[in-house]
Amino acid sequence: ALERDLGAPVGELFARVDREPLGAASIGQAHLVDWQGAQAVVKVQYPDAASMMRADFWCLETLLWLVGEGDALRVTSQLRQQFAVELDYAQEAVHLSALHDAISAAPEFRGRVAVPKPIAALTRGGVVGMEYLPGPKLEAVCRQRLEALGADL
C-alpha cells in the first residue's frame, strides 16, 4: 500500500520502517519511519478497508430494509456516511493541519497539548504521513488520570 500510494519502493522512501505498528484499528495501522533524517509516522489504510466497509453496510442496510426497520436504516445510513469520511485520508490531513495550527496558536494549549503536523509528501491515497511526537499515548494518560480520580475502568 505504501509503495502503490506514494509511488516509490519503501526502501527509497524511508531509511527505516518499524514492522511493529505504533497502533492499529479496523481500517489501518500506523508505523514509525525514518524519513529525510527525521522520525515520522505513516498511517496506512488496509487495502480492502473501503470495499469491506461498503459490503458490510450494504448487507446491514439490506437486512434493515427487508425487515422494515426504517428508523434504524436511516441511522445506519448516517453511520455509513461518517465511516466514508474516516476512509478519506486526504481530508484527514486537512483536518489534522487545521487542528495542529489552532492548538499551536492557542496560548492556553501551547506547551501542554501537541498535535502532529501532517506531511504532504507522505499523504496520498490510503496513506497519511505526520510528524512523530514521542511520549505516552493519549489513551494511557486519560486512563491513568481517570483511575487516579477513582473511576472503575
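The values are calculated or read from the model by the stated rules, or taken from the named source; none is laboratory data. Nothing here was measured: the structure is a model prediction, and the numbers come from that model. Neighbour counts run over all protein chains shown; Cβ positions are idealised from the backbone, glycine included. These accessible areas exclude ligands, DNA and RNA; they are computed on the full protein's heavy atoms, side chains included. Shrake-Rupley method; radii C 1.70, N 1.55, O 1.52, S 1.80 Å.
Pick from region 109-120 the residues that are modelled with pLDDT of 95 or more and open to solvent by 60 Å² or more (accessible area, probe 1.4 Å): which of them is nearest to Trp35 (Cα to Cα)?
Per the stated criteria, the residue is Ala120.
Do you know which residues across region 82-122 are of a type outside the set (A, V, I, L, M, F, W, C) and more than 22 Å from Pro47 (Cβ to Cβ)?
Result: His95, Ser97, His100, Asp101, Ser104, Pro107, Glu108, Arg110, Gly111, Arg112, Pro116, Lys117.
Could you please let me know if Ile103 is surrounded by 13 or more Cβ atoms within 10 Å (Cβ to Cβ), farther than 21 Å from Gln29 by Cβ, at pLDDT 90 or above and aliphatic (A, V, I, L, M)?
Spelling it out, Ile103 is indeed surrounded by 13 or more Cβ atoms within 10 Å (Cβ to Cβ), farther than 21 Å from Gln29 by Cβ, at pLDDT 90 or above and aliphatic (A, V, I, L, M).
Identify the single condition in (1) open to solvent by less than 30 Å² (accessible area, probe 1.4 Å); (2) in a helix (DSSP H, G or I); (3) of a type outside the set (Ser, Thr, Tyr) that Met52 does not satisfy, given that it satisfies every other one.
(1)
Being within 18 Å of Arg112 (Cβ to Cβ) and in a helix (DSSP H, G or I) is the filter here, so list the residues in region 136-147 that pass it.
Of everything in region 136-147, those that are within 18 Å of Arg112 (Cβ to Cβ) and in a helix (DSSP H, G or I) turn out to be Leu138, Glu139, Ala140, Val141, Cys142, Gln144, Arg145.
Take the residues in region 134-153 that are aliphatic (A, V, I, L, M) and open to solvent by 70 Å² or more (accessible area, probe 1.4 Å); name whichever of them is nearest to Val42 (Cα to Cα).
Among residues in region 134-153 that are aliphatic (A, V, I, L, M) and open to solvent by 70 Å² or more (accessible area, probe 1.4 Å), the one nearest to Val42 (Cα to Cα) is Leu138.
From the list Glu69, Glu92, exactly one residue is in contact (Cβ under 8 Å) with a residue 24 or more places away in the chain and out of contact with any His (no Cβ under 6 Å at 6 or more places or on another chain). Which is it?
The unique qualifying residue is Glu92.
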